[in-house]
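Asker: A single structure is presented below for examination.
Nothing in this text is a laboratory measurement; each read-out follows from the coordinates by a stated rule. Small disclaimer: the values here were computed from a predicted structure and weren't measured.
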Amino acid sequence: MRSASGAKPPNGRVEPANAPVLAAMELLGQRWTLRVLWELEPGRLGFLELRRRMDNCSSSMLSVRLQHLQSAGLIVKNADKSYELTTAGTELGTALHAVWDWSRRWGAALTDPNDGTV
């Protein structure tokens, strides 16, 4: 909860009920969060396969990130120990598609300095 001055609470976290967009940006800004969501977007994956796809992400960091995303209600761990997006996670993925499409255009424009469109 923010104080009357608008400052963050002592733990530095933004409370989702008070500022949902800021809380979402804080969650999505954590290292490896978007990558986990990206990898799970096509469907469920087990920990080892997810870890293999995550390049330089350590197993311990991946475990922490998976726990955060579970707590946030964006992914679920199944009985077979695979992970998949929840409905909220799928909805977030749909919302992020516009960002992913923009990033492709932006990346292409960076490689072609004569193309100023993004």
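Asker: Go through the range 75-90 residue by residue and turn each phi into a ³J(HN,Hα) via Karplus (6.51, -1.76, 1.60, θ = phi - 60°); whole Hz please, and just put x for glycine and proline.
Answerer: In residue order, the calculated couplings are 9, 9, 9, 7, 4, 7, 6, 8, 10, 8, 6, 7, 4, 5, x, 5 Hz.
Asker: Using modelled backbone amide H atoms (1.01 Å from N, in-plane), which distant-in-sequence or interchain residues come within less than 5 Å of GLY46's amide H?
Answerer: Those lying under 5 Å, H to H, from GLY46 are TYR83.
Asker: Tell me, what ³J(HN,Hα) does each residue in the range 36-49 have, in order and in whole Hz, if you take phi through Karplus 6.51 cos²θ - 1.76 cosθ + 1.60 with θ = phi - 60° and put x for Gly and Pro?
Answerer: 4, 4, 4, 5, 8, 4, x, x, 5, 9, x, 4, 5, 5
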